[in-house]
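See below for the structure under consideration.
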Amino acid sequence: MTAGNGTVQWLHDRYADMRRIRRFEDITYTLFRRGTLDGTAHMAAGQEAVAVGARAALGADDYVFSTYRCHHHVIAAGAPMDRCFAELLQRRTGLCGGKGGSMHLTSVEHGVMGSYAIVGSQLPIACGAAWSAHIRGTGGVAVAFFGDGATNIGAFHEALNLAAVWRLPAVFVCENNLYAEFTAIATSINVEHPAYDRAPAYGMPAAIVDGNDVEAVHEAVATAVGRARDGDGPTLLEAKTYRRYGHSRIDPADYRPDEEEETWFARDPLTVTRRRLDELGVEASRVDETDERVGREVDEALETAMQAPEPEVGDAFADVYAEGGAGWRS
Amino acid sequence: MAELSYRYAVAEGLAREMRRDPAVVVLGEDVAAAGGVWKTTQGLLDEFGPERVWDTPISEQAIVGAAIGAAMTGLRPIAEIMYADFLGVCWDQIANQAAKLRYMTAGQLTVPLVIRTIHGGGVAKGAQHSQSPENWALAVPGLRVACPSTPADVVGLLAGAVRADDPVVVFEHKGLLGSKGEVPDDEHVLELGRAAVRRRGTDLTIVALSATVRLALEAAAELEGQDVSAEVIDLRTLVPLDAGCVLESFKRTSRLLIVEENPRQGGWGAQIAALVAEEAFWYLDAPITRVAGESVPLPAARGLENAVLPSADQVTETALKLART
Ligand SMILES: Cc1ncc(C[n+]2csc(CCOP(=O)(O)OP(=O)(O)O)c2C)c(N)n1
Ligand SMILES: [Mg+2]
């Protein structure tokens, strides 16, 4: 039957999680178009199944490390959506008080240990969290998400090698959406699979997974997490997926061929899961109800965030150092 | 009090913190069985075992990154970067990650991390193994920077650094490794941000750091014979900067000489000069003067290297001129 805890309800819940993220990202895109959002935003619409499937395999002692394309991971982890919106909207109630912004959504209480905007930088840090979980004996596992483009940066290779030789309880999940900004990954690697094909160099087990199938992602991550918890070391997963929007902001992604988009959009994770729910006998009307319920939740979260106050100027001087302030001289 | 070498004081300081707090772990290249290429981690593996002392691959980004990840999840890692020059290889992890994570997450993440590295020239090793890049670290809000000049300070500042909840970059100096000094037997912790007045004087204030403290003290002894009384301040840490100590001394002497090994171009002495110019300008009796490393990559040949690094003679001469201005 289904992965997860084996019930139809489990899958329906994962569908709701993905729908929540999709709604969040659609609104984010619209706000950007309208000029309501400042700065930048990297929508993860289309990649929801990776975040939701992976998250469902994690427990309270596990850690998630994300990239600037982080909204899906933070929402999947259960961070309040009004506080996610508030961070994008530069409000004081944002997850990071408005000081992180769209690229740095973090919710330590939900296990999301930061979103990192220097490509690949989170991989070594995730190794450290895994190392620490090992030393402290918590049984925790660190999961690092990264893009296909990140497999060409040194930090990726250093981290994978370290994790392998130290047998760290870590899982590396590449969200291969085929592009790094405006460049097809195929043009910047000399292997077919940017992550999977590199794993042998580190002696690390690896797998390719359908990143648009939440059950498949869940199963693959659960297996990898289990291996990590058992002390059998790290795993590299390459999830094949595709983004609905461009790289960031209002990038129209003109560099992507039409046929490619059509093929992938037909395999949208929400479509895939809806079809699966249908096969499992869930009536379409019930899934529609989920869409509506989740849609309302997200709209309300936006409403709440819009009402929130802006940061106070003093906040700019808080939290540079542990004593709370910005005191570089004594 | 026991007399220890600076080199041994590092191992001793690390061991003391590791005995005190089981969350303290050490990682770096050749730090375990080999005891470090500088022999500054000697004995740690034997005493604390392989779960506390970890040899790493030659992967500076992974070393610092792993230390950051461990620091944010409950450990107090001490990472060794073999030469300060190699900070360039992991500068992203230091300047973009460790320094900024607390701020970017509004205090959700705390990174109580120590990065130990060794700086300093005078070893004829050329441009990639001789730099004093403490000014790089000084330029990054969120980092703390410590540069011990004596064995006692090594122990005290390491303790202060390990116990601080911020990322601290500790620069040990190659030229000081063999130097000796008394180290208190009991717990010895120096709060970061407290300079030490190494010698009292009335005619001018010499501000120094790390190995230049020795140059300043040699010069001050020489100057005494010429009836010039120099006060010597050892900053100990660049961040937090003990501005109060510098300003207090300077306001008494009205003459300021800064002795720094890093390049004059953007060196930390420029920060001290700015501080005094901004906050004590009316006390100046003569222009602020700097003896600094020249703004060139460090050459390997001894003769050339000596010509571009500060020396005690240069400090003496400059101080004499300054005192007579
Ligand atoms: C070190 C570094 N180099 C370049 C960039 C600029 N940049 C931001 S995202 C990106 C593309 C990354 O692509 P990929 O890893 O596939 O992730 P995706 O955006 O597709 O999720 C680039 C080049 C950066 N942020 N950091
Ligand atoms: Mg990509």
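Okay, here's what the table says:
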quantity	calculated
Cubic angstrom per residue, convex hull over Cα atoms of chain A	143
DSSP beta bridges in chain A [antiparallel fraction, %, rounded to 5]	10
Distance (nanometres) between label positions extended 7 Å along Cα→Cβ at B:Ala124 and A:Ala201	3.9
Nearest-0.05 FRET efficiency for A:Val165 and B:Glu218, computed from C-beta distance (R0 45 Å)	0.45
Cβ-defined net charge surrounding B:Cys90, 10 Å radius [Lys, Arg +1; Asp, Glu -1]	-3
Prolate/oblate/rounded call for segment B:65-104, Cα gyration tensor, a/c under 1.5 rounded	oblate
Net charge contributed by nearby residues that have their C-beta within less than 12 Å of A:Tyr242 (K/R +1, D/E -1)	-3
Two-site label geometry, A:Asn152 and B:Asn306: point separation in nm, points 7 Å out along Cα→Cβ	5.0
Whole-Å distance, taken between Cα centres, linking segment A:260-299 and segment A:7-23	8
Dipole magnitude of chain A about its Cα centre (Cβ charges: Lys, Arg +1; Asp, Glu -1), debye to nearest 20	680
Of the GluC sites (Glu not before Pro) in segment A:252-330, those whose Cβ has at most 15 other Cβ within 10 Å and which sit in DSSP loop	A:Glu283, A:Glu312, A:Glu323
Projected area, mean over directions - segment B:196-323, Cα convex hull, nm²	7.3
Nearest 10 degrees, 0 to 90: helix B:60-71 Cα axis against chain B principal axis	70
Lys, Arg +1 and Asp, Glu -1 on Cβ, resulting dipole of the protein assembly as shown about Cα centre, debye, nearest 20	880
Rel. contact order, % - alpha carbon contacts under 8 angstrom, at least six apart, chain A	23
Euclidean distance of C-alpha centroids, segment B:118-176 and segment B:48-67, integer Å	19
Segment B:2-183, relative contact order in percent, only Cα pairs under 8 angstrom and at least six apart counted	28
Within the accessible area of segment B:2-183 (1.4 Å probe), percent carbon and sulfur	53
Selection from B:Gln108, A:Leu123, B:Ala33, by position along the positive dipole direction of the protein assembly as shown (Cβ)	B:Ala33
Efficiency of FRET between A:Glu283 and A:Glu259 - r from beta-carbon atoms, R0 45 angstrom, step 0.05	0.85
Positive-end extreme of charge dipole, chain A - chosen from A:Thr7, A:Gly324, A:Cys84 (charges on Cβ)	A:Gly324
Positive-end extreme of charge dipole, segment B:196-323 - chosen from B:Gly201, B:Gly269, B:Ile288 (charges on Cβ)	B:Gly269
Gyration tensor verdict on the protein assembly as shown (Cα atoms; rounded if a/c is under 1.5, prolate if a/b is larger than b/c, oblate otherwise)	prolate
Two-site FRET efficiency, B:Asp227 against B:Phe281, from Cβ-Cβ distance with R₀ of 45 Å, rounded to 0.05	0.95
GNM result for chain A, Cα springs below 10 Å: residue of A:Ile75, A:Ile208, A:Ile153 fluctuating most strongly	A:Ile153
Threshold 40 Å², segment B:106-138 residues less accessible with all protein chains present than alone (1.4 Å probe)	B:Ala106, B:Gln108, B:Leu109
Under 29 Å from B:Lys125, Cα to Cα: lysines that are on another chain or at least 8 residues apart	B:Lys39, B:Lys174, B:Lys180
Helical mean residue ellipticity (222 nm; -39500 (n - 2.57) per DSSP H run of 4+; nearest 500) of the protein assembly as shown	-11500 deg cm²/dmol
Kyte-Doolittle mean at least 0.0 and Cα axial length at least 18 Å: DSSP H helices in chain A	A:122-136, A:214-229
Degrees separating the helix B:212-224 axis from the principal Cα axis of chain B, which is the longest one	30
Inter-site label distance for B:Arg19 and A:Met306 at 7 Å from Cα along Cβ, in nm	6.4
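The values are calculated or read from the model by the stated rules, or taken from the named source; none is laboratory data. Note that the structure is a prediction, hence the values are computed from the model and not measured. Using ideal geometry, Cβ is built from the backbone for each residue, glycine included, and neighbour counts are taken over all protein chains shown. Ligands, DNA and RNA are excluded from the accessible area calculation, which covers all protein heavy atoms including side chains. Shrake-Rupley method; radii C 1.70, N 1.55, O 1.52, S 1.80 Å.
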